[in-house]
Each structure stands twice: as structure tokens, then as C-alpha cells.
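To keep things clear, I will list the structure first and then write my remarks on it.
The values are calculated or read from the model by the stated rules, or taken from the named source; none is laboratory data. This one's a predicted model, so the numbers in the text were calculated from it and none came from an experiment. Positions of Cβ are backbone-derived with ideal geometry, glycine not excepted, and every protein chain shown enters the neighbour counts.
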Amino acid sequence: MSAKHKKKNLVELIKDKLEMAWIFIRREKIDQIISFFCIVVFISAVLIYLAENNNPDKPLGFPDALWWSIVTSTTVGYGDIAPQTFLGRVIATLHMIVGIGILAALSAIPASILVDQKIMEGLGMSSYKFEKHIIICEWNHRAKTIIKELRLDPHTANTPIVLIANLERKPIEDRNLYFVQGSITDETLSKANLAQAATVIILGDDNLPDNQRDTQVIITTLTVESINPDAYTIVELVHESYVLPCKRANADEIIVSSELSGMLISQAALNHGVSHVVADLISADDEGNQLYKIEPIKERVGSPFIEIFVYMKKAYQCIVVAIQKGPEGEVISNPSTEYRLEENDYLIVIAEERPNMII
């Protein structure tokens, strides 16, 4: 971008900010309060001038009267100029009362704005300008667990999460959870700033029948992908029959909740205790082992998997269970011992804490 274009963009930005400031001033009637303040200052200056100018002991000129009026409006005065006549003191008393009232009105504006903003956020009426944030579409009992787990992970402990749901108000208290009230539409997604989001979690609406719920999830996925195809979309379905349409909608990761729970129950029946291991691995709780995806290891490209496996166990007390081809590519679980690490491969490991790797 040329210097000329940069200068033009800067001028346009300043112009937009000034227009927004003027709209804010007009909306909050700040211009009317300031105009009234100036009128009061001028009238008080004229009145105190007329009352004190004829005082033979200490006549008061108009510039000094104007100075006194301004200072007395914001404070009780510096004491350098004080009315000497009875009429002047009456005017000064009234002026101080009016001045305090005007200042109180001005100082109340920021407080009222903050209160209104908090109320609007709680009711889901605000818009947000976050970047690299997480958006959760729809609310159900699983959403609460999702937010809890995200907060337990250091990488997302303070990440802004914007919830879009047809609720009356924000369902849980979370300092970095923000709420947009309404159904999933272009308007509500725009309020959540989908265009700059890093991850979008699309949940099913439990108030709808299963088939209708999955259909709505697919429609939401299509909408999300059309606005921000770079966002990583995680989709929750009820029925496996909707997986293919969801893949066609370009969902990055699809979780069939009924199938997943069914497989876990069957594995627990066949292999007692397996469910405890799975729960331990997928929970972000501080206790126990968890799954981590580690950044690509440039220095170990070309090494056989068995060497990587042994090294990671000895050096970091973690177990490599899978390789992912790129940050969002194919996952190879339990690779063969002869598999050689390729450039941009990620390691998926089981460990008590994320390995601080220098390999």
C-alpha cells in the first residue's frame, strides 16, 4: 500500500471516529448540557459584573467576572475573586448550585453508559469486535460443560467466547463469555463478529425434534462457512445419517453425540473401566492425563516413529498416540514403527501437562 493510500485511510478513519463521537454526543444530549452550561456561565458573569462593578471598594471588570463564573462552575472558586455585595453573594450561591447540578449530570453520563452497556450485554443486545475468538451457536446442557472445559485449559482460559442463542439473558456468569440474543442468522453472526472468529462450535437445539435439529445444524454450518470459511467449525449431530451432508457443508470436525455415547457404553461393557480412561483423557481438569497436540518438530523430520515414541516417553513422560498431517489434516492413530515423521506433522500425545518441547 502506497503512502498516499495509507494517508487517505488514516483520514477516513479519523473522520469515521469523529462522526461516531458526534453521534454519541447527540444521542446522550451532551451538546445540550454543554450549551446550557455555557449559557449559565455567561449569564452569571453578566449578573455578577452588574452587581459588583459599581462596588466603590473593589469594582469587578467583565473579564474577571467571566473568569470567576467559569471557576465557580467547576469548583467553589479559588478565593482570588469573591463577591462583596449582598446581591453578588446571592447570585454566586445560585450559580454554584446550578453549576454543581450540571457537573453532576455530566458525570452521571459515563456511569449510565456503563450500566446500560452491562444490561445490553446481559440481554444479548450488544455487538462485539473480538478477533481470534470462539463462537458457540445454540445453548444446551452440554454447552455449559464445553465452556467449563475451555476455561480449564490455559490456552483458552481467557479467550473471549460469544454465545448466540435464543435465550432471555446470558445463561451463566463468566467474565469472558459474551451473549448475542436471537436465532442463528446473518445479523446475529455479524454481531458476534464471525468474520474474525477462529473457532465456531455449532450445537443442536434440544427443543427441536432430532431430525429437525440436525437439519438446522447443517443450515447453520452452511451459513458460517459462507461468511468465514477459515474458521474451524466443530459440529454436533444426533444422527450419523446427517454426517455426509454436514461434510458437504465443509464442517471441519463432526461429533455424533448418540453414536459416541453408544460406542463408549459398549466399550465399557466389554472392557470395564475404559470409560474412566476416556473421561480422564478428554477432561481439561488439572488432575490426571490429557490429550495434547504439539507443534511440528522440524529437527526430527525423517526420524522413524519408534524413535520419536521412545524419546518422548523418556524425555517428557508422555505417550505419542497419533500423528496429524498438518494443523487440520488427517489423523493417523497408532502409526507403524517404520513411519517417518514428515514436515508439518503434529504429535498427539497423552501427558499430565503440555510438554515444553525442544527436540
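Would you mind finding the one in ILE100, ILE25, ILE39 that is touching a helix residue (DSSP H, G or I) at 6+ places or on another chain (Cβ under 9 Å) and at pLDDT 75 or above? Give the derivation first.
Working: ILE25 fails: at pLDDT 75 or above; ILE39 fails: touching a helix residue (DSSP H, G or I) at 6+ places or on another chain (Cβ under 9 Å).
Result of the check over ILE100, ILE25, ILE39: ILE100.
Of all the helices (runs of 4 or more DSSP H) wholly in the stretch 255-353, which have at least 1 residues that are over 30 Å from ASP210 (Cα atoms)? If you could, list the steps in order and put the result at the bottom.
Numbers: elements: 257-270, 274-282, 305-316.
The qualifying helices (runs of 4 or more DSSP H) are 305-316.
Taking the residues in the stretch 66-75 that are at pLDDT below 80 and in a helix (DSSP H, G or I) as candidates, determine which candidate is surrounded by the fewest Cβ atoms within 10 Å (Cβ to Cβ).
So the first thing to find is which residues in the stretch 66-75 are at pLDDT below 80, and the list is 73-75.
Then drop every residue that is not in a helix (DSSP H, G or I), which leaves 73-74.
Numbers: SER73: 20, THR74: 13.
Among those residues, the one meeting the criterion is THR74.
Looking only at the stretch 47-65, how many residues end up being in contact with a Phe, Trp or Tyr (Cβ under 8 Å, 6 or more places away or on another chain), modelled with pLDDT of 80 or more and not aromatic (Phe, Trp, Tyr)?
Here the count works out to 3.
For the stretch 289-314, enumerate the residues that are closer than 15 Å to GLU353 by Cα, over 30 Å from the mean Cα position of the chain (by Cα) and in contact (Cβ under 8 Å) with a residue 40 or more places away in the chain.
The answer is MET312, and nothing else.
Is it the case that THR188 is surrounded by 15 or more Cβ atoms within 10 Å (Cβ to Cβ), closer than 17 Å to LEU244 by Cα and either in contact with a strand residue (DSSP E or B) (Cβ under 7 Å, 6 or more places away or on another chain) or of a type in the set (Val, Ile, Thr) (or both)?
No.
Of all the residues that make up the stretch 76-90, how many are assigned to a loop (DSSP other than H, G, I, E, B) and either modelled with pLDDT of 80 or more or surrounded by 12 or more Cβ atoms within 10 Å (Cβ to Cβ) (or both)?
Going through the stretch 76-90 one residue at a time, the tally reaches 6.
Give me the pairs: first residue in the stretch 197-222 and at pLDDT 90 or above, second residue among the basic types (Lys, Arg) and in a loop (DSSP other than H, G, I, E, B), beta-carbon distance under 6 Å, and six or more apart or on different chains, which are they?
Partner pairs satisfying both residue conditions: ALA198/LYS132.
Got a sec? Which strands (runs of 3 or more DSSP E) wholly within the stretch 129-213 have at least 3 residues that are within 17 Å of THR233 (Cβ to Cβ)?
Filter on the stretch 129-213 gives 134-137, 161-165, 199-202.
Quick one: in the stretch 210-219, which of the residues that are surrounded by 14 or more Cβ atoms within 10 Å (Cβ to Cβ) and touching a helix residue (DSSP H, G or I) at 6+ places or on another chain (Cβ under 9 Å) is farthest from ASP252 (Cα to Cα)?
By that ranking, first place goes to ASP210.
Quick one: ALA197 ticks every box in (1) buried (at least 19 other Cβ atoms within 10 Å of the Cβ); (2) at positive phi except a single one, so which number is it?
ALA197 satisfies all of (1) buried (at least 19 other Cβ atoms within 10 Å of the Cβ); (2) at positive phi except (2).
Working carefully through the options SER257, SER336, SER283, find the one that is in the same structural domain as ARG151 (by TED's automatic domain parsing) and not aromatic (Phe, Trp, Tyr).
Values: SER336 fails: in the same structural domain as ARG151 (by TED's automatic domain parsing); SER283 fails: in the same structural domain as ARG151 (by TED's automatic domain parsing).
Checking each option against the conditions leaves just SER257.
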